[in-house]
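We did not get these values from a lab; they are worked out from the coordinates using the rules stated. A quick note: this is a predicted structure, and the numbers were derived from the prediction, not measured. Every residue, glycine among them, receives a Cβ derived from its backbone with ideal geometry; neighbour counts consider all protein chains shown.
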Amino acid sequence: MTGAGALILLVEDEPQMRRFLRVALEGSGYRYLEAGTGQEGLALAVQHRPEAILLDLGLPDMDGLDLVVRLREWSRTPVIVISARGQETDKVGALDAGADDYLTKPFGTRELLARVRVALRHAGPETQQEPVFVLDRWRVDLAKRQVLMDGKEVHLTPLEYSLFTTLIRHAGKVVTHRQLLKEVWGGAAGAQPLYLRVYMTQLRHKLEAEPSRPRYLQTEPGVGYRLRTDD
């Protein structure tokens, strides 16, 4: 990690591409971190909180899209996908998963640096979020996907966890049925508000002291749900 500019994290398994990007970024005054796998990239993102992330999709341990989804559970840091996959469906899939930009290999240094500058301009202070959410008896490590209550781990199903973390991302605000269905189920055909009621009931039984009188996981009648953060 060198330089005094913005900190850029590169997640790329190809050594030649890493060398090319290292020269380009450090030559422009950026600080630079690199990872060869998705898990290593996630760990570096949690530890160093980069100001932008360059991400290849073809990683040896996971698909880059899965890493984007993991990052978006707790971070709004700009993500620029750099990939040899140039089909429109690949680009749409990456952007829908939460990426901010998509750059198809091969590309030139000037275009790359221009995309980085745009990403950094669009980034706001909310991008640097803590990956740990704490409320009363709960401690949620969003990077590790771990939910603790009174220091003991609570097992949530993938859909329960997705619903809970969506409410955490919008803590204190009302999240509509439609928005929850889109973010948790991805707009899957057949997803209905009934699903939300079922999974919210399950969450309350696991996380609330009095599930029938929830203190935090609150219903906004006819609108949606809200994670209450005040006393």
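For LYS91, go through the lysines and keep the ones whose alpha-carbon is under 28 Å away, minus same-chain ones fewer than eight residues off.
Correct list for LYS91: LYS105, LYS144, LYS182.
Between SER83, SER162, SER28, where does the largest GNM mean-square fluctuation fall for the chain, given springs only between Cα atoms within less than 10 Å?
Highest fluctuation of the listed residues: SER28.
With label points built 7 Å along Cα→Cβ from the Cα atoms of VAL223 and HIS155, find their separation and express it in nm.
3.6
Taking the alpha-carbon distance from LYS152 and a cut-off under 19 Å, which aspartates and glutamates remain once sequence neighbours fewer than 8 residues away in the same chain are dropped?
ASP136, ASP141, GLU160, GLU208, GLU210
If you wrap a convex hull around the Cα atoms of the chain, how much volume per residue is inside, in Å³?
136
When only Cα pairs under 8 Å and 6 or more residues apart are kept, what is the percent relative contact order across segment 7-127?
24
Which ³J(HN,Hα) values, rounded to whole Hz and listed in residue order, are derived for segment 158-171 from phi using the Karplus coefficients 6.51, -1.76 and 1.60 in 6.51 cos²θ - 1.76 cosθ + 1.60 with θ = phi - 60°, glycine and proline given as x?
Calculated HN-Hα couplings, in order: x, 6, 4, 5, 4, 5, 4, 6, 5, 5, 4, 4, 10, 3 Hz.
Among ALA209, TRP138, VAL184, flag the residue with its Cα farthest along the positive direction of the charge dipole of segment 132-227, charges on Cβ as +1 for Lys/Arg and -1 for Asp/Glu.
Going by the Cα projections, it comes out as VAL184.
Nothing charged except the Cβ atoms of Lys and Arg (+1) and of Asp and Glu (-1): what's the magnitude of the dipole of the chain about its Cα centre? Round to the nearest 20 debye.
The calculated dipole for the chain is roughly 480 debye.
What fraction of the DSSP beta bridges in the chain is antiparallel, stated in percent and rounded to the nearest 5?
55
Considering the options VAL147, MET62, GLN16, tell which one lies farthest towards the positive end of the dipole of the chain, charges being +1 on Lys and Arg and -1 on Asp and Glu at the Cβ, about the Cα centre.
Toward the positive end, the furthest listed residue is VAL147.
Along the charge dipole of segment 7-127, Cβ charges K/R +1 and D/E -1, which of TRP74, ALA52, GLY98 sits furthest on the positive end?
My answer, from the dipole projection, is ALA52.
What is the dipole size for segment 7-127, taken about its Cα centre, with +1 at each Lys and Arg Cβ and -1 at each Asp and Glu Cβ, in debye to the nearest 20?
Using Cβ point charges on Lys, Arg, Asp and Glu, segment 7-127 gives about 500 debye.
About the Cα centre of segment 132-227, what is the dipole size in debye to 20, counting +1 per Lys and Arg Cβ and -1 per Asp and Glu Cβ, all else neutral?
Around 120 debye, computed over segment 132-227.
Please compute the modelled spin-label separation between SER28 and LEU95, points set 7 Å along Cα→Cβ, answer in nm with one decimal.
Distance between the two pseudo-spin positions: 2.1 nm.
Using only alpha carbon pairs under 8 Å that are at least six residues apart, calculate the relative contact order of the chain and give it in whole percent.
In percent, rounded to a whole number, it is 13.
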